[in-house]
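These notes are about the structure you will find just below.
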Amino acid sequence: MSSQDDLQTLVLTTLDKQGVIEDTTYLKTADGSAVDQLAVLGALNSLRSKDMVDYKSIEREVWTLTEEGRELAESGSHEARVFDAVPAGAEGITIPDLQAKLGKSASIGQGKAFKNKWINKQPPNILVRIVDSIVDQTKIDLQQLQSTGTLSDAKLLADYKKRKLADKQKLFAYSVSKGPEFSLEIKKEATDVTYEMLQSGEWKNATFKKYNFDAVGVAPSGGALHPLMKVRQEFREIFFEMGFQEMPTNRFVESSFWNFDALFQPQQHPARDAHDTFFIKDPATTDRFPKDLMERIKVVHENGGDTGSIGYNYHWKQEEAEKLILRTHTTAVSSYMLYKLAQETKESGFRPAKYFSIDRVFRNESVDATHLAEFHQIEGVIADKNLSLADLIGFMDVFFKKMGMDKIRFKPTYNPYTEPSMEIFSWHDGLKTWVEIGNSGMFRPEMLLPLGLPPDVRVIAWGLGLERPTMVKYGISNIRDLLGHKVNLALIHDNAVPRLDKKMGKELIGINLEQPAEESTKEKVSAAVQGLVNKVENMVVN
Ligand code: PHE
């Protein structure tokens, strides 16, 4: 009898006959053989989960023979084998002969045979019997232990254990009683409510398998999130909380058109050089961008068109815009999304928009401890009528406060597509200095008007890196430990979920904490920043 079903039936019929099963050790199958207690346990657990039975475990200690013990119980002890091998009479046997006859038993058994005064040594080195017959007590003891599971003499048990002939073991058995749902018939249990059950009404009478909330779940074999993706999620939540919509960033390969031209970046700009940008070889170009938009952009680059600007005063070439590249910033996506917004505006009127993206960008840079040829940008864009620089500054204040940075200042800078443009600095308490955390600005009319946005729509935007806060958060000092083929997979598997709390903000701007800037540098930076900040403040006031 081995099948679970048979065992369950045996338990149920026995209970039906006897009311209880005191001890499953004595449970016998129809053919009179004993049952395996581990299998009994399986059957009992299954029946108990249906409330058909209840049980308690009974634990007992029994002595069992080791393999050697079993062999001796069957064919006699080593000492008895020695006695048997020594012939009766005076001629005896030499030790080498005994050795040849008995092998291992010769050396193990001799000592005990001497001690039992069964044999003696006669010169020159001959073993002879000194009794006529012997009783092999070891064999008798082992056989008794084998059949009863113990011996009355505890010292003897300890001795056999020491000789590695016997050992103590715990045995489990069970005492079983009927449960509230006891029945001779095992009902099939449903595991789920199915569509068919609902339709037929069968669910009303069905018995459902109980959930086992104590079951140990299967350890997931994969699916750990990379630290960058965890921190990205934290930033995404800040954006969502503030009503932003996520931009589609799945185009790693982008045309120069959306990455540069649509952003009023002149075609001879150094960033378009192969030293800074990865160009795609095959296919090397695309002309899949709106041609009417292209015409407007061409004019603005060449002479400003009707934007009020004089443009860059050069001959704009379509071939240059067609070059495929790995996008160098997510602002390529922003320009495309603003174009879409302008299209929508033409159809259904302008609606203010708040967009964000967090994804990979690529730059042809030499790799070192803090730079890789690819990294992640966090980018935010707000489009609304009559926005001003004050809105940008005010918004930056709120945004960075959400990450725990409450002292924010700005320094004028240059981007081809924004005017004014501002680098964003945050005060670092530990370093007692201002640390750069991002770049921002108001998109230029030369960029927005060709896209087709109404003239009174202003767009403010900003960008920052994702790697820096992640490295600080996870205590990683070399970027190559975070991204690329040298990354230790255990780091990704074991790291905790981050929280962008107040501390996170402090950490974000404190990547240099381990190497504090020299006093003179710090003073110089603060003084310079202060001057520039004053300038920006004046700009805002005027
Ligand atoms: N694209 C800029 C960069 O790569 C960041 C930026 C985004 C600046 C939007 C201004 C406005 O650094």
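A few remarks follow.
- Those trypsin sites (Lys or Arg not before Pro) in the range 187-246 that DSSP places in a loop and that have at most 15 other beta carbons within 10 Å: 187, 188, 209, 210
- Ordering 404-416, 117-129 by mean Cβ neighbour count within 10 Å, with the highest value first, yields 404-416, 117-129.
- Degrees separating the helix 4-18 axis from the principal Cα axis of the chain, which is the longest one: 60
- Residues whose placed amide H lies under 5 Å from that of residue 438, excluding near-sequence neighbours: 424
- Value of relative contact order over the range 21-122, rounded to a whole percent, pairs C-alpha under 8 Å and six or more apart: 18
- Loop-located chymotrypsin sites (Phe, Trp or Tyr not before Pro) in the range 324-371 (DSSP state not H, G, I, E or B) with no more than 11 neighbouring Cβ atoms inside 10 Å do not occur.
- Shape box of the range 76-202 [Cα atoms, principal axes, largest first, Å]: 99, 31, 23
- Evaluated with a Cβ-only charge set (Lys, Arg +1; Asp, Glu -1), the chain carries a dipole of roughly 1100 debye about its Cα centre, given to the nearest 20.
- Under 20 Å from a label point set 7 Å out along the Cα-to-Cβ vector of residue 348, the amide N atoms of the range 379-399 belong to 382-385.
- Scanning residues 5 or more positions from residue 52 or on other chains, those with amide H under 5 Å from its amide H are 181, with H placed 1.01 Å from N in the peptide plane.
- Reachable lysines from residue 178, criterion Cα separation under 29 angstrom, eight or more residues apart if same chain: 17, 28, 50, 56, 170, 187, 188, 204, 209, 210
- Straight-line cross-link reach from residue 291 at under 28 Å between alpha-carbon atoms covers these lysines, not counting any fewer than eight positions away in the same chain: 281, 317, 323, 340, 346, 354, 385.
- For the chain, the share of accessible area belonging to carbon and sulfur comes to 52 percent (1.4 Å probe, ligands and nucleic acids excluded).
- For the range 331-487, with +1 on Lys and Arg beta carbons and -1 on Asp and Glu, the positive-most of 417, 398, 449 along the dipole: 398
- Phi-based couplings in Hz for the range 287-300 (Karplus 6.51, -1.76, 1.60; Gly and Pro marked x): 10, 7, 8, x, 6, 5, 5, 4, 4, 5, 5, 4, 4, 5
- Cα-based shape type of the range 47-105, given that a ≥ b ≥ c are square roots of the gyration tensor eigenvalues and the cut on a/c is 1.5: prolate
- Taking the C-alpha atoms only, the angle from helix 331-348 to the longest principal axis of the chain is near 70 degrees.
- Computed from phi, the 3J(HN,Hα) profile of the range 453-459 under the Karplus parametrisation 6.51, -1.76, 1.60 (θ = phi - 60°) reads 6, x, x, 8, 8, 10, 10 Hz, with x in place of Gly and Pro.
- Exposed GluC sites (Glu not before Pro) absent: longest stretch of the chain, with sites in DSSP loops and at most 16 other Cβ within 10 Å deemed exposed: 190-364
- Sparse-neighbour loop sites [trypsin sites (Lys or Arg not before Pro); the range 447-492; at most 15 other C-beta within 10 Å; DSSP]: 486
- Helical contribution to [θ] at 222 nm, DSSP H n ≥ 4, -39,500 (n - 2.57), averaged over the chain, rounded to 500: -11500 deg cm²/dmol
- Heavy-atom accessible area per residue - the range 15-169, 1.4 Å, Å²: 59
- Applying the Kirkwood pairwise sum to the alpha-carbon positions of the range 11-148 produces a hydrodynamic radius of 19.1 angstrom.
- Cβ crowding within 10 Å averaged over residues, with 36-42, 140-146 ranked highest first: 140-146, 36-42
- Ratio of Rg to Rh over the range 102-174 (Cα coordinates, Kirkwood Rh, two decimals): 1.11
- Computed on the Cα trace of the range 391-498, the radius of gyration divided by the Kirkwood hydrodynamic radius gives Rg/Rh = 1.09.
- Amide H contacts under 5 Å for residue 418, placed H, 5+ residues apart: 444
- For the chain, relative contact order (Cα pairs under 8 Å, six or more residues apart, normalised by length) works out to 12 percent.
- Applying the Karplus relation 6.51 cos²θ - 1.76 cosθ + 1.60 with θ = phi - 60° to the range 390-397 yields 3J(HN,Hα) values of 4, 5, 4, 4, x, 5, 4, 4 Hz, where x marks Gly and Pro.
- For the chain, the calculated P(r) over all alpha carbon pairs, in 10 Å bins from 0 to the bin holding the longest distance, is 3, 12, 15, 12, 8, 7, 9, 10, 9, 7, 4, 2, 1, 0 percent.
The values are calculated or read from the model by the stated rules, or taken from the named source; none is laboratory data. Note that the structure is a prediction, hence the values are computed from the model and not measured. Counting neighbours? That spans all protein chains shown, and the Cβs are built from the backbone with ideal geometry, glycine included. What goes into the accessible areas is simple: the full protein's heavy atoms, side chains included, and nothing from ligands, DNA or RNA. Shrake-Rupley method; radii C 1.70, N 1.55, O 1.52, S 1.80 Å.
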